[in-house]
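Just so it is clear, none of the values below were taken in a lab; they were calculated from the coordinates. Bear in mind that the values here come from a model prediction, so they are computed numbers and not experimental data. All Cβ positions, even for glycine, are placed from backbone atoms using ideal geometry, and neighbour counts span all protein chains on display.
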Amino acid sequence: MDKLNPIFNGTKVYRPKFIPENPNVRNSTKQRRIRSDKKTDIKVPLSHDLRKILNRQAREKNMYATHYASSLVEEGLRCFVTFPHETYISSEKCVHVKLADYYMDKIFIMKNEMDVSYKETAYRILVFMLLQKEIEHG
């Protein structure tokens, strides 16, 4: 006797489930596009006093510290050719400087001339510009 609901008739058709060979691998061969305005992040260690100066100047300009530090480094790269030697002190607290590829190329050239790292080059520029702005501000 057939039941009213066909599910309960007992005749099951076996259909194997599709299982991919490796579920973690995508089958796409497309390359991801790179953003044209991509920026590179450099973590610059600053002492407590320099961080206070940076935060105060950024607050006066109504900017975040990261954006202000980035603009200072960009301005320094545009306006100045050489920067004085600053003692590079590695610190736990860092300020992020986000630069476009154009400025990263300039830092790369300066890095090779000074024979130091990206961080130290950005540190020299940032400290020089911070102290320059501090003198101008009075």
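What the table below lists for this structure:
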{"quantity": "Full-stretch length increase - ASN62, SER91 - with 0.36 nm per residue and alpha-carbon distance subtracted", "calculated": "7.8 nm"}
{"quantity": "Label-point separation in nm, VAL81 to ASP115, each point 7 Å along Cα→Cβ", "calculated": "2.1 nm"}
{"quantity": "The range 39-137, relative contact order in percent, only Cα pairs under 8 angstrom and at least six apart counted", "calculated": "45 percent"}
{"quantity": "Sorted by Cβ neighbour density within 10 Å, fewest at the top, the residues ILE135, ILE53, ILE42, ILE125", "calculated": "ILE135, ILE53, ILE42, ILE125"}
{"quantity": "Residue order, fewest to most beta carbons within 10 Å, for TYR118, TYR64", "calculated": "TYR64, TYR118"}
{"quantity": "The range 50-138: projected area of the alpha-carbon convex hull, averaged over directions, in nm²", "calculated": "5.7 nm²"}
{"quantity": "Sequence-distant residues sharing a close amide H with PHE83 (under 5 Å, placed H)", "calculated": "none"}
